[in-house]
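A quick write-up on the structure given underneath.
The values are calculated or read from the model by the stated rules, or taken from the named source; none is laboratory data. Predicted, not measured: the structure shown is a model, and the values here were computed from it. Cβ atoms come from the backbone with ideal geometry, glycine included; neighbour counts cover every protein chain shown.
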Amino acid sequence: MSTLKEKFKAKADEQAARVRKLMQEYGHTKIGEITLSQVYQGMRGVIGLVTETSLLDPNEGIRFRGYSIPQLRKQLPKAPGGHEPLPEGLFYLMLLGELPTEQDVIDMSNAWGRRSHVPNHVFDAIDALPLSTHPMTMFTIGIMAMQTESRFAKAYASGKIGKADYWDYTFEDAMNLIARLPRIAAYIYRRKYKGGDNIQPDHSLDWAANFAHMLGYDDESFYELMRLYMTIHADHEGGNVSAHTVHLVGSALSDPYLAFSAGMNGLAGPLHGLANQEVIKWIKNMQQELGGGLPGKEQIAAFVHKTLSEGKVIPGYGHAVLRQTDPRFLAQMDFAKKHLPDDELVNLVWRIYEVVPPILQELGKVKNPWPNVDAHSGALLEHYGLVEYEFYTVLFGVSRSLGVLASLCWDRALGLPIERPKSVTTEWLEQFVKGQLQSVEHSTHAGSEES
Ligand code: HAX
């Protein structure tokens, strides 16, 4: 057993005992109430999931095992000469709950390098798709084609493993998947946009830099962007569509390939991860309509109003949980100030940031008028020449594997059961409300008779 796996097993045993104790002592304690509106409105605010890897505060933003993004940028190990955190370190932190040493991160890089072989039939499956296929569709199909490699599925099918072993095979699949995803993503990029001119991996590089290299961007500053990008997009607690889907599908003991691919289909929605391509599309349309360059604030405001009047959302703004500017937006802004302060598109993103929130606030219905992670990422990628915006969500997906697969390891280690919340019909709710009203009327009536 690898050291990482041994450490994970020890942590998982400790945590499982903690959960058992909590359940025994407080299993019946109420931790919230549900209103009828929440039932209709996407279960917003309903506490119904346990995700150990990160926690989202509406005002502070995401914390990974207690560490904010600015803290992670300082405290996680860096590449030699680099300033941004290595995503290997974040995965270690999410999996074990403790900060890694430099050596732990080097070991993780090496382990992923060793595990990164992608079988040829995966590339063949991608090659069978027309070039016009959206990169996210190619990505999920590539992941599905690779399901032949699932250690969990094979072990389960053999009938030789029991519940206590599930975490082990899930761990193996998670590590292999994370190791292989950059290769698949880069293959899709080079096939669709660069005439199939593939670039072989360079395992002397860290995971994110090697990904950048396979995409065709060998520039230290782009490596840094990829390290930061892969770190900040990795996890956003458990209730967002991609994370929740991976957990939900995994809860049926579908193997990590099936579960992760399902989560990626959710990430491909424009209200979730696809918003990163929508943002840049929207900005480009704005520039085109306004004659190019850097439009003035009034011009931007007019374009925002026009978008809203067409019944569309402003992509990159708003959030189901956050109520402040997303610290992931701010981290990218900080990166841009350091590396590309004069970039026109980046300056436009910053100007839009000054214009959009008051307009959304005025609408009176938008709960969070501030930018989210997707409002900034495209402008950074464009600067380095990665202009194929349909590919942006694939980058997000590669990063998201770190959080959701670490969580899936925890799901199996804690033996979490199949997920099955209760649903009801509108008629059921009407009857329920009527029953509540009648019982209130009955008790009021009974009360007045007594007095
Ligand atoms: N522009 C215009 N209207 C918006 C809006 C925006 N950016 N954000 C919310 N609203 C509207 C909603 O559409 C809703 O309108 P209706 O009542 O007419 O349906 C109303 O304001 C209330 O919505 P909310 O409660 O504030 O927001 P939700 O929790 O329902 O939705 C979303 C959160 C992120 C989906 C939403 O803010 C949105 O559509 N934003 C634009 C798309 C986007 O940037 N998505 C990425 C989010 C982050 C992420 O997951 N990244 O991957």
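Tell me which of these Ala320 doesn't satisfy, since it passes every other one: (1) out of contact with any helix residue (DSSP H, G or I) (no Cβ under 8 Å at 6 or more places or on another chain); (2) among the hydrophobic types (A, V, I, L, M, F, W, C); (3) assigned to a helix (DSSP H, G or I).
It is condition (3) that Ala320 fails.
Considering each residue of the range 357-367, count those that are more than 12 Å from Gly316 (Cβ to Cβ) and in contact (Cβ under 8 Å) with a residue 24 or more places away in the chain, and give that number.
Result for the range 357-367: 4.
Kindly indicate whether Ala406 is at pLDDT 95 or above, within 30 Å of Arg65 (Cβ to Cβ), more than 16 Å from the ligand (Cβ to nearest atom) and among the hydrophobic types (A, V, I, L, M, F, W, C).
Yes, satisfied.
Could you pull out the residue among Leu322, Leu271, Leu330 that is under 16 Å from the mean Cα position of the chain (by Cα), over 30 Å from Ile141 (Cα atoms) and among the aliphatic types (A, V, I, L, M)?
Leu322
Only one residue in Val313, Val304 is in contact with a helix residue (DSSP H, G or I) (Cβ under 7 Å, 6 or more places away or on another chain), under 18 Å from Pro371 (Cβ atoms) and not small (Gly, Ala, Ser), so which one is that?
Val304
Could you identify the single residue in Ser242, Ser204 that is modelled with pLDDT of 95 or more, of a type in the set (Ser, Thr, Tyr) and part of a helix (DSSP H, G or I)?
Ser242
Considering only the range 220-237, I want to know if a residue exists there that is within 20 Å of Val122 (Cα to Cα) and not in a loop (DSSP other than H, G, I, E, B).
No, the range 220-237 has no match at all.
Tell me the residue from Asn347, Asn276, Asn285 that is under 27 Å from the mean Cα position of the chain (by Cα) and either within 13 Å of the ligand (Cβ to nearest atom) or under 30 Å from Met146 (Cβ atoms) (or both), please.
Matching residue, one of Asn347, Asn276, Asn285: Asn276.
Checking Met264 against (1) within 13 Å of the ligand (Cβ to nearest atom); (2) part of a loop (DSSP other than H, G, I, E, B): exactly one of these is not met. Which one?
All conditions pass for Met264, except number (2).
Tell me, which residue of the range 210-257 that is in contact (Cβ under 8 Å) with a residue 60 or more places away in the chain and touching a Lys or Arg at 6+ places or on another chain (Cβ under 7 Å) is nearest to Glu172 (Cα to Cα)?
Ala234
From the list Gly32, Gly42, Gly48, pick out the single residue that is under 30 Å from Gly415 (Cβ atoms), at pLDDT below 95 and outside any helix (DSSP H, G or I).
The match here is Gly32.
Might you check whether a residue that is without any contact (Cβ under 8 Å) to a residue 60 or more places away in the chain, under 19 Å from Asn59 (Cβ atoms) and within 15 Å of the ligand (Cβ to nearest atom) occurs anywhere in the range 373-391?
No: zero hits.
Out of everything in the range 69-119 that is under 13 Å from Ala234 (Cα atoms) and touching a strand residue (DSSP E or B) at 6+ places or on another chain (Cβ under 8 Å), what residue ends up being surrounded by the fewest Cβ atoms within 10 Å (Cβ to Cβ)?
Ile69
Against the definition (out of contact with any strand residue (DSSP E or B) (no Cβ under 6 Å at 6 or more places or on another chain), farther than 30 Å from Lys163 by Cβ and at pLDDT 95 or above), how does Val387 come out, yes or no?
Spelling it out, Val387 is indeed out of contact with any strand residue (DSSP E or B) (no Cβ under 6 Å at 6 or more places or on another chain), farther than 30 Å from Lys163 by Cβ and at pLDDT 95 or above.
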